[in-house]
């Protein structure tokens, strides 16, 4: 029996996932409030056993065990971390180290992509909260950290490995959380530095991938585009380009979401009248239509 025949319908998978999470949350509510640390440890052990059992089973039973393993793993690690933080009265720095240690130890054993990606994202949040909580005068510049995390995730998307892919998907939403911290922090760098940083980094990645076919004009266009718009729209377009280049639907969806939200953000914060904004939208539409026609010029010729 091939993989397509083993795949369950979407609604069945959704109901199995809902049932697994309800069972996990009900168990956490009933016994978790007595001792978070021991309950979390028990959940992690149970998740490991479920993941091991799901590997040898197929159909509905195997799918439920896999979903239950994911639910009990994430919930158990969360209870374990929060229990240790409250028990030992950890501050932001030691709590961040604890999250990173739990993520590093569990990463090789829990192989589900969602589990790994969410734990990496939790590590990013813990690190950002620690940096933000430190309130130093010179560092951290959270908006610049957002750009750095995006470039790191973007590079990782080029690595064809099942172990590396969750790292990229966990780091990518960390860009948004770092930017959110930057909105409420004083002393961050402005658009000019971040745009230069992002544009130069994307050009470096482009040069690394293009090799001898490197196009100087395209690199200059990337830098100019970073200055003419905000960093978010450039990130969205970069993800879209990568998604179409690798034919990955997940990257296309992520790129479309980032581009649309960043464009709305840019439009809302433009210090100008609605009429001028309408002119910008019209010019952007004409530019995109022109780029589409240029891309399809071979098809038109045929």
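Once the Cα atoms are used to define both axes, helix 36-54 deviates from the longest principal axis of the chain by about 80 degrees. Ordering of 147-153, 276-282 by packing is 147-153, 276-282, highest average first (other Cβ atoms within 10 Å, averaged per residue). For the chain, a Gaussian network of Cα nodes joined below 10 Å ranks 251, 288, 196 by mean-square fluctuation, and the top entry is 288.
The angle between the Cα long axis of helix 191-210 and the longest principal axis of the Cα atoms of the chain comes to about 80 degrees, rounded to the nearest 10. Ordered by the count of other Cβ atoms within 10 Å of each Cβ, fewest first, 88, 294, 169, 130 give 294, 88, 130, 169. Axis of helix 274-295 versus longest Cα principal axis of the chain: the two differ by about 90°, to the nearest ten degrees. Between residue 208 and residue 227, the contour length at 0.36 nm per residue exceeds the Cα-Cα span by 4.6 nm. When shorter helices are ignored and each DSSP H run of at least 4 residues is given -39500 (n - 2.57), the per-residue value for the chain at 222 nm works out to -27000 deg cm²/dmol. If you build a Gaussian network model of the chain, linking Cα atoms that sit under 10 Å apart, which residue out of 98, 87, 145 swings the most? Comparing 98, 87, 145 in the GNM, the peak value goes to 87.
Take the alpha carbon atoms of region 191-269, find their radius of gyration, then divide it by 2.2 N^0.38 Å using N residues; give the quotient.
This ratio for region 191-269 stands at 1.10.
With neighbours defined as other Cβ atoms within 10 Å of a residue's Cβ, the residues 233, 273, 111 order from fewest to most as 273, 111, 233. Stretched out straight at 0.36 nm per residue, the stretch from residue 25 to residue 134 would grow longer than its current Cα-Cα span by 35.9 nm.
So how much slack lies between residue 253 and residue 91, counting 0.36 nm per residue of separation and subtracting their Cα-Cα distance, in nm?
Stretched fully, the residue 253-residue 91 segment lengthens by 54.6 nm.
Structure remark: mean-square fluctuation, Gaussian network model of the chain, C-alpha springs under 10 Å; the largest value among 195, 71, 210 belongs to 210.
Short to long, the 20 Å bins of the Cα pair-distance histogram for the chain hold 26, 51, 22, 1 percent of all pairs.
To make sure I understand, if each residue's beta carbon is the centre and we count other beta carbons within 10 Å, what order do 38, 208 fall in, fewest to most?
208, 38
Any read-out appearing in this document is the output of simple, stated calculations on the displayed coordinates, not a laboratory observation. What you see is a predicted model; the values in this text were computed from it and never measured. With ideal geometry, Cβ positions are generated from the backbone for all residues, glycine too; neighbour counts draw on all protein chains shown.
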